[in-house]
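Here is the structure we will look at, set down as C-alpha cells.
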Amino acid sequence: MASEKHRIVELNSAQVSPALRRLFSPADPASLRGFAVLEGHAAGRIFTDQPENPTWALVQEAAFGSLYLGGSLSAPLLHQLTSQLRREGDVLIGLWAEDPRWQLLPPDPDYSGYTLEFTDRQADPAGQSLPEVPDGCELRRLDRTLLKQIVGRNMLIHMYGSVEQALEWGYGLCLLREGELLCETFAGPAANGIIEVGVETMPHHQKRGYAHITCAHLIQRMEAKGYQTYWNCAKQNTPSAALARKLGYRTEREYRLLAWNKVNQ
C-alpha cells in the first residue's frame, strides 16, 4: 500500500519493534486481539510509517476485520487506510465513549452498535465450584480430528491462518455424548497474559446448560496455566452476556462498534 501523501509500510510480526508495540494501549477495547497479531499469535496485517521509529501504527486482525489504532494517526491517513482495506473485506473499529479518536473515523458507517467486554473473573484455582459433566458425556480437548466437526472451524482457520496455528496458539474443549458434539468452546487468541473465551452450542442442544459446563472447565484450565480470561459479545446477544455473568466476570464495560462493509468492485 502506498500514497503520495503518506508513507505506509506493511510489516509482519517478526518486524515489530518494541517502539511500535508501545504505540498501542492495552486499555483499548478487545486490545488483546491486536496484540496477538503483533506477537504473531493470530493472523492479521500491520501497518506503520517507519518500523524502527514509528509515529503511528495500525493493526487489522483477520477474523473480524477490526482495526487497532496506535500513535499519531491523522484523519486523512485513517480514511485512506480504511478505504483501501475495504476493498478486501469489512472494517470494524471499536472505541470507548470518551475516546477522542472518534473525530478521526471515516463518516457514514454501515453499522453502529454496542459491544460488552467482561473481565476480572472470580477465579477458582482449585476447581471446587466446577459444574459436573453430565452422565454419559465427556470433555475432550480439541484436536485435528474434532476440528473437522466443530461449527467454528472456518473462523478459527481465518483467525490463526491455518489449522496448525489454531491448535498451537489456542486451546479448545468439546463436550460430547457417544461421539456426538454437543458444545464447543475455545480459548484464544492470547496476549499480555489474557486469553479470550468463546463458545458455540449445537442448535438442537441449546438451553441445557452445556455452554456453562464446557466454558467453566475450559476457563479453569486456562487459569491453571496462569491466564486471565476475557469475554466479549454484542450487547444484543443476551444469552452470551448472561453466561459471562454466570461464569463470574465481575467487570462489565460497554463500547461502541462501527463497521464499514467491503466495497464491491
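Every number here is computed from the coordinates shown, using simple stated rules; none is lab data. Since this is a predicted model, take the numbers as computed values, not measurements. Please note: Cβ atoms are built from the backbone with ideal geometry, for glycine as well, and neighbour counts cover all protein chains shown.
See the values below:
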item	result
Sorted by Cβ neighbour density within 10 Å, fewest at the top, the residues M202, M222	M202, M222
Neighbour-limited loop hits for GluC sites (Glu not before Pro), the stretch 9-77 (at most 12 other Cβ within 10 Å; DSSP other than H, G, I, E, B)	E52
The stretch 9-113: C-alpha gyration tensor shape, a/c 1.5 cut-off, then a/b vs b/c	rounded
Sites D110 and S74 - FRET efficiency at Förster radius 30 Å, r taken between beta-carbons, to 0.05	0.85
Point-to-point label distance, K148-T55, nm (Cα→Cβ direction, 7 Å offset)	5.4
Rg to Rh quotient for the stretch 170-259, alpha carbon positions, Kirkwood Rh	0.97
Those lysines that a straight Cα-Cα span of less than 29 Å connects to K148, excepting residues fewer than 8 apart in one chain	K207, K225, K262
Ranked list, fewest to most other Cβ atoms within 10 Å of each Cβ, for K235, K207, K225	K207, K225, K235
Förster radius 41 Å - calculated FRET efficiency between S162 and E98 (Cβ-Cβ, nearest 0.05)	0.60
Amide proton proximity set for G172, modelled H, under 5 Å, gap of 5+	L142, A187
Low-density loop cleavage sites - trypsin sites (Lys or Arg not before Pro) in the stretch 30-96, where at most 12 other Cβ are within 10 Å (DSSP)	R87
Footprinting exposure proxy for D108, D120, D99 (fewest neighbouring C-beta atoms within 10 Å first)	D108, D120, D99
Of the trypsin sites (Lys or Arg not before Pro) in the stretch 88-185, those whose Cβ has at most 11 other Cβ within 10 Å and which sit in DSSP loop	K148
Pair Q228, S129: separation of 7 Å Cα→Cβ label points (nm)	1.8
Label point distance in nm, R22-R245, each placed 7 Å from Cα along Cα→Cβ	4.2
Gyration tensor verdict on the chain (Cα atoms; rounded if a/c is under 1.5, prolate if a/b is larger than b/c, oblate otherwise)	prolate
